[in-house]
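The values are calculated or read from the model by the stated rules, or taken from the named source; none is laboratory data. Note that this is a predicted model, so its numbers are computed, not measured. Here the Cβ positions follow ideal geometry from the backbone for every residue, glycine too, while neighbour counts run over all protein chains shown. Remember, those area values only see protein heavy atoms, side chains included, never the ligands or the DNA or RNA. Shrake-Rupley method; radii C 1.70, N 1.55, O 1.52, S 1.80 Å.
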Amino acid sequence: MRSLAVLWLCVLSTADSPAAVPVSTDSPSPNWMEVHEKAVAAIKNRQFETAAELFRASQPLARNEVQRGLSANDLGVTLHQLIRDSEAKVQLEAAFAIWQASPHEQARMSQTAEALAAVNRTLGDYAGAEKVLRTALATPAADIENHALLTNELGDILREVGRSAEAHRLFEKTLAQPGTSPRRQVDALVGMADLDRDAHSWDASFEGWNKALTIVREQHWVSLEAAAVRGLGMTYLDRGELARAEPLLRRALALFESQPVPGHQIASTLSCLAQLYHAEKKFSLAEEVLQRAIRIAEQTLGAEHPQVAVLLEMLGDAEASQKHLTQATEHFERARVIMANRFGAKSPMAAAVSASLALAEQRADHNAEAAAHFEQALAVLNTAGPEAQSMRDAVMKGYLDTCKALHRKVTPAVSSFSR
């Protein structure tokens with residue numbers, strides 16, 4: 001459950017953006033400065049198309065590396081706002097290369113690294129996001145704030161790809177660092193609470209969410225409060241306390257909808273409500289909110305994003321629970337194709353979708369089809385690392401149950417990994 005991240009232009013310098021860096025005042029090129037400042041004004045008025053045109057127009061006017069880096073970074077951030085992430089990535093990579101080659105630009109490099117990692121993440125390139133963050137962290141940090149920012153972002157990336165132990169250590173490192181700001185503390189607390197929830201360490205998770213809520217309410221950070229309330233609700237849901245989860249998840253959705261937040265945050269909260277409805281066996285309500293979540297995610301992230309695939313997988317499960325297996329299979333297959341295109345046909349992410357389809361077929365007593373999809377998933381998971389062990393165990397259990405129902409032996413090649 002990712003916390004909210006705001007990508008700042010390198011030229012901004014405000015009290016609530018400690019990582020922002022002011023424009024150089026020693027520029028020999030007033031023409032560049034004039035165009036660039038007009039672009040910044042357009043951003044403040046949320047005129048992103050105009051801002052993008054102006055930032056692009058400023059690029060040939062740049063007279064030094066700082067100006068080139070600022071133009072590229074700020075154009076990249078603006079293109080990200082316009083959901084043009086492939087273009088944004090090119091600009092941010094150019095800015096990052098400039099800061100790497102320039103002495104005394106650690107602060108700007110940290111900002112660009114955060115923005116580039118966010119864009120890579122949106123594009124589904126988690127390996128690319130990890131690489132840029134590790135590169136930035138290998139450079140001596142400009143200050144504690146920048147280092148904490150990058151450490152938390154890396155922890156969040158690792159959490160999403162299942163490297164929980166390493167992610168937990170990174171969040172702990174942020175919290176142990178003297179002088180860490182409340183904002184960075186919240187990010188680390190949210191990351192750790194989410195990891196503890198996944199590990200069913202309920203007391204630690206509740207403690208983390210409540211610590212985060214105390215800070216964000218003191219600071220009047222409404223969007224971050226929404227994220228923490230959502231996480232607290234999901235922890236109650238995972239622990240089976242549905243009556244306590246529902247008002248929290250509804251409150252989180254209302255808070256998000258009251259703020260100018262990225263659409264994927266609303267889509268994510270709707271998916272949490274769908275999980276609640278599914279647990280309550282209100283499958284038609286789950287289907288309804290998931291369809292809304294998918295529309296929002298497609299608009300904000302793109303139709304081929306892995307998060308869209310996750311929502312499609314959930315929708316397939318809701319359809320299958322209503323005995324609509326044909327529609328469910330279509331959703332699962334679309335999700336599998338998205339994951340295969342992004343991570344590879346033999347990736348654990350694609351295998352997980354095949355396993356979900358197998359479980360739906362198993363519940364519908366389509367055991368032959370289920371066995372085939374379980375075998376497809378296990379063939380991939382057999383070669384995955386230790387981080388896939390829990391998924392392997394769950395899929396193997398389903399496969400063994402299916403083989404028992406079919407009165408047939410387990411395929412030797414599939415069973416060999418468990419020895």
Q: Could you tell me whether any residue of the range 197-205 is open to solvent by 30 Å² or more (accessible area, probe 1.4 Å), at pLDDT 90 or above and polar (S, T, N, Q)?
A: yes
Q.
Just to be sure I understand the filter: pairs with C-beta atoms under 6 Å, separated by 6 or more residues or on different chains, first member in the range 354-371 and farther than 15 Å from Met314 by Cβ, second member crowded, with 24+ Cβ neighbours inside 10 Å and β-branched (Val, Ile, Thr). Which pairs pass?
A. Gln362/Thr402; Asn367/Thr402; Ala370/Thr402; Ala371/Thr402
Q: Go through (1) more than 21 Å from Leu270 (Cα to Cα); (2) open to solvent by 10 Å² or more (accessible area, probe 1.4 Å) and name the single condition Ala167 misses.
A: (2)
Q | Number of positions in the range 322-337 that are surrounded by fewer than 24 Cβ atoms within 10 Å (Cβ to Cβ) and more than 20 Å from Tyr399 (Cα to Cα) | A | 8
(Q) Please pick out the residue among Glu369, Glu319 that is touching a helix residue (DSSP H, G or I) at 6+ places or on another chain (Cβ under 7 Å) and either surrounded by fewer than 23 Cβ atoms within 10 Å (Cβ to Cβ) or at pLDDT below 90 (or both). (A) Glu369
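Being under 21 Å from the mean Cα position of the chain (by Cα), under 21 Å from His278 (Cβ atoms) and of a type in the set (Lys, Arg) is true for just one of Arg342, Arg336. Which residue is that?
None of the other options fit; the residue is Arg336.
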Q) Of all residues in the range 372-393, which are open to solvent by 50 Å² or more (accessible area, probe 1.4 Å), modelled with pLDDT under 90 and of a type in the set (A, V, I, L, M, F, W, C)? A) Ala379, Met391
(Q) Could you tell me how many of the residues in the range 223-265 are in a helix (DSSP H, G or I), over 23 Å from Ala204 (Cα atoms) and either open to solvent by 70 Å² or more (accessible area, probe 1.4 Å) or in contact with a helix residue (DSSP H, G or I) (Cβ under 6 Å, 6 or more places away or on another chain) (or both)? (A) 8
(Q) Being open to solvent by 40 Å² or more (accessible area, probe 1.4 Å), within 22 Å of Ala129 (Cβ to Cβ) and among the basic types (Lys, Arg): is that true of Arg159 here? (A) no
**Q.** Of all residues making up the range 64-122, the number that are in contact (Cβ under 8 Å) with a residue 24 or more places away in the chain, more than 24 Å from the chain's Cα centre (by Cα) and open to solvent by 40 Å² or more (accessible area, probe 1.4 Å)
**A.** 6
**Q.** Complete set of residues in the range 124-133 that are touching a helix residue (DSSP H, G or I) at 6+ places or on another chain (Cβ under 7 Å), free of Cβ contacts under 8 Å to residues at least 40 places away in the same chain and of a type outside the set (Phe, Trp, Tyr)
**A.** Gly128, Ala129, Glu130, Val132, Leu133
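What helices (runs of 4 or more DSSP H), lying completely within the range 288-389, carry at least 3 residues that are closer than 30 Å to Pro260 by Cα?
Because the criterion is at least 3 residues that are closer than 30 Å to Pro260 by Cα, the helices (runs of 4 or more DSSP H) in the range 288-389 that meet it are 306-321, 325-343.
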Q: Name every residue in the range 221-270 that is among the basic types (Lys, Arg) and within 18 Å of the chain's Cα centre (by Cα), in order of residue number.
A: Arg230
(Q) Exactly one condition in (1) in a helix (DSSP H, G or I); (2) open to solvent by 60 Å² or more (accessible area, probe 1.4 Å) is false for Gly179; which is it? (A) (1)
Q) Among all residue pairs at least 6 apart or on different chains, which show Cβ distances below 7 Å where the first residue, located in the range 320-332, is aliphatic (A, V, I, L, M) and the second is open to solvent by 30 Å² or more (accessible area, probe 1.4 Å) and assigned to a helix (DSSP H, G or I)? A) Ala320/Arg363
Q) So which of Glu130, Glu145 ends up being among the acidic types (Asp, Glu), closer than 28 Å to Ile83 by Cα and either at pLDDT below 90 or buried (at least 23 other Cβ atoms within 10 Å of the Cβ) (or both)? A) Glu145
Q: Could you grab the pairs with beta carbons closer than 6 Å, sequence gap of 6+ or different chains, first residue in the range 230-255 and at pLDDT 95 or above, second one aromatic (Phe, Trp, Tyr) and crowded, with 16+ Cβ neighbours inside 10 Å?
A: Gly231/Trp209; Leu232/Trp209; Arg244/Tyr236; Ala245/Tyr236
Q: Please identify the pairs in which a residue from the range 193-205 that is part of a helix (DSSP H, G or I) has its Cβ atom under 7 Å from the Cβ atom of a residue that is of a type in the set (Lys, Arg) and open to solvent by 40 Å² or more (accessible area, probe 1.4 Å), counting only partners at least 6 apart or on another chain.
A: Trp202/Arg239
